[in-house]
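Asks: Encoded as structure tokens, here's the structure I'll be asking about.
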Ligand SMILES: Cc1cc2nc3c(=O)[nH]c(=O)nc-3n(C[C@H](O)[C@H](O)[C@H](O)COP(=O)(O)O)c2cc1C
């Protein structure tokens, strides 16, 4: 029998980027750090993100059906840590983590300085164990230059040299 810890260790070898899911809650920004995120389809443009049933964001995505995915730049580790905390109202995001937001035409919060922003409209959900897979249509993207924040074996990392050999 494989334990959840062993499974986590195994999956930790799969290096990922780090995203913040953003949702507008009546003018307030709710964010959640997520790396269970993937591209799904090019026609139509679809992506997925997996969210724990117990996360506050789980209820927010079901209710609002619109969210943003912000792919973090290498200097945004503190923002990732801030939005991975299960408690708190996120009122101190700017003071504590330097997170500042603009709004898209749809009113979705878009994180300043992130590498990429994707505007998402929820299409479908699939319960999968203790998580739900949220599949969304991508309505807009903003892509900026820069280097990503990476997550590997439970630690934040920077990108290394390009492998050519
Ligand atoms: C690097 C990293 C990646 C994470 N990825 C996910 C994820 O993909 N899905 C998830 O449900 N939680 C993920 N989490 C945990 C959530 O960020 C954490 O449970 C958060 O407190 C939930 O916030 P909420 O209750 O405000 O929604 C991740 C945490 C870290 C540090």
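Asks: Residue by residue through the range 43-76, note down the ones that are out of contact with any helix residue (DSSP H, G or I) (no Cβ under 9 Å at 6 or more places or on another chain), assigned to a strand (DSSP E or B) and either within 11 Å of the ligand (Cβ to nearest atom) or within 12 Å of residue 121 (Cα to Cα) (or both).
Replies: Residues satisfying the conditions are 45, 46, 47, 48, 50, 66, 68, 69.
Asks: What is the residue count in the range 22-44 for residues that are more than 26 Å from residue 156 (Cα to Cα) and either buried (at least 16 other Cβ atoms within 10 Å of the Cβ) or free of Cβ contacts under 8 Å to residues at least 60 places away in the same chain (or both)?
Replies: The number of residues fulfilling the criteria is 7.
Asks: Name the residues in the range 95-107 that are at pLDDT 95 or above, away from the ligand (no atom under 16 Å from the Cβ) and either outside any loop (DSSP other than H, G, I, E, B) or surrounded by 17 or more Cβ atoms within 10 Å (Cβ to Cβ) (or both), would you?
Replies: Across the range 95-107, the qualifying residues are 102, 103, 104.
Asks: Would you mind telling me which numbered condition in (1) within 17 Å of residue 18 (Cα to Cα); (2) part of a loop (DSSP other than H, G, I, E, B) residue 142 fails?
Replies: (2)
Asks: How many residues, within the range 77-94, are in a helix (DSSP H, G or I) and buried (at least 19 other Cβ atoms within 10 Å of the Cβ)?
Replies: Count: 4.
Asks: Now for a separate question. Can you tell me which condition residue 89 does not meet? The list is (1) in contact with a helix residue (DSSP H, G or I) (Cβ under 8 Å, 6 or more places away or on another chain); (2) within 10 Å of the ligand (Cβ to nearest atom), and all the others hold.
Replies: Evaluating residue 89 over (1) in contact with a helix residue (DSSP H, G or I) (Cβ under 8 Å, 6 or more places away or on another chain); (2) within 10 Å of the ligand (Cβ to nearest atom) leaves (1) as the failure.
The values are calculated or read from the model by the stated rules, or taken from the named source; none is laboratory data. Because the structure is predicted, anything quoted here is derived from the model rather than measured. Heads up, the Cβs are rebuilt from the backbone with ideal geometry, glycines too, and the neighbour counts pull from every protein chain shown.
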